[in-house]
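The structure appears right after this line, and notes come after that.
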Amino acid sequence: MESLEIGITTNLTAVKSNEMETPIYLLSNNKNSIYIKREDFIPFSFGGNKARKAKYFFKEIDSLSCDCVVTYGSSSSNHCRVIANMAASKNLHCYIISPEEASSETYNKKLMSLFDAKIITVPINNVHDTIENLLSELREDGFNPYFIEGGGHGNLGTQAYVDCYNEIRVYEQQNNIFFDYIFFASGTGTTHAGLVCGQLINNDTPRKIIGISIARTNPRGRQIVIDSIKSYFNCNNIICNDDIISDATIILDDYICGGYGKFDHQIQGDIKSVLMKFGIPMDSTYTGKAYTGMMAYIEKGTITGKNILFIHTGSAPLFFDTLNLFQ
Ligand SMILES: *Cc1c(COP(=O)(O)O)cnc(C)c1O
């Protein structure tokens, strides 16, 4: 493959992903025009970014003729639910290693069990070794397991969001619009990395892509996104200057709200009002937190007259987990 040098060459052909294209709607048109991309509409297992990524992993599972899947995540993991569902639909055994420190009863956990996934709960410090041991046992028993990192992290997950970025560009071209900002919830940073890779490949530098961290603090959170971007570029033989990558990687850690799964009255209020006004459900761990973070950022930066895209990354089961906490 020829190498692509970012900032110099711009003719990398976009990967078509019509199979999964999700709609973009105008949400509100006051000080700014805020649009929403409904990744929660991806038509598999309640949708969301984990469903988009999972398609890519299962394509590889097919091509490598793997016969079982191993992944890890907490009991509230959207990733684990989607992988368990997709594995079941393809008649593959699915093993989920789960830290006992994050194993509370949730709808995602119920769904994983419903899909007959084998959930192996161990102390968080044993997760790594348990995965290694399970993979070697499966191989010794003659199986060909496929391992997926937690959250669908890795170059294939990044690819899924490079393709999503290209979908956004097609929308812009067709509707004669340019999104000045793109906001979304950032967890493992894979969705974020894919969007920034797409931006850099296409030389769309005037746009700000802003991840709202839902748990990780900077500088670590930001560094993980940068590492994912570099890993994807290396893997695809794309050359890009470190400063360009660094300038394009913006992740805010001011809206973490105490950590993973924690939320406050502001987030609850926003979830309620968006649901009542637009009929769009958001959850307090990811999408609601990102929405509140985005609104605070717009307010604080006194941003006006801009086109802003919010990516709704899914998480329907988590909405129901906290529904009874709403007054
Ligand atoms: C996992 C997840 C995210 C974060 O995506 P990453 O690619 O891990 O950063 C955001 N929103 C929802 C609903 C998720 O399930």
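Using alpha carbons only, how many angstrom separate the centre of segment 259-306 from the centre of segment 48-67?
31
Which whole-number value in Å² is the accessible area per residue of the chain, probe 1.4 Å?
Here the residues of the chain average 46 Å² of exposed surface.
Using amide H atoms built 1.01 Å from N in the peptide plane, name the residues 5+ places from Ile119, or on other chains, whose amide H lies under 5 Å from its own.
Ile96
Compute a Gaussian network model of the chain, connecting alpha carbons closer than 10 Å, and tell me which residue from Asn203, Asn30, Asn307 fluctuates the most.
Asn30
Which ³J(HN,Hα) values, rounded to whole Hz and listed in residue order, are derived for segment 262-277 from phi using the Karplus coefficients 6.51, -1.76 and 1.60 in 6.51 cos²θ - 1.76 cosθ + 1.60 with θ = phi - 60°, glycine and proline given as x?
Going residue by residue, I get 7, 8, 10, 5, 4, 4, 4, x, 5, 4, 5, 6, 5, 5, 5, 7 Hz, with x marking Gly and Pro.
So how do 157-166, 121-130, 74-83, 87-96 stack up, highest first, on mean other-Cβ count within 10 Å?
74-83, 157-166, 87-96, 121-130
Which cross-chain or sequence-distant (5 or more) residues have an amide H under 5 Å from the amide H of Leu27, H modelled 1.01 Å from N in plane?
Ile34, Tyr35, Ile36
Can you work out ³J(HN,Hα) from phi for every residue in segment 215-220, in order, using Karplus 6.51 cos²θ - 1.76 cosθ + 1.60 and θ = phi - 60°, giving whole Hz and x for Gly and Pro?
7, 6, 9, 7, x, 4
Just to check I understand the Karplus step: with θ = phi - 60° and J = 6.51 cos²θ - 1.76 cosθ + 1.60, what whole-Hz values come out for segment 24-40, glycine and proline as x?
10, 10, 6, 9, 8, 9, 9, 5, 10, 9, 9, 10, 10, 9, 8, 5, 5
The values are calculated or read from the model by the stated rules, or taken from the named source; none is laboratory data. The structure displayed is predicted, hence computed values, not measured ones. As a convention, Cβ positions derive from the backbone with ideal geometry for all residues, glycine included, and neighbour counts pool all protein chains shown. Heads up: the accessible areas ignore ligands, DNA and RNA and are worked out on the full protein's heavy atoms, side chains in. Shrake-Rupley method; radii C 1.70, N 1.55, O 1.52, S 1.80 Å.
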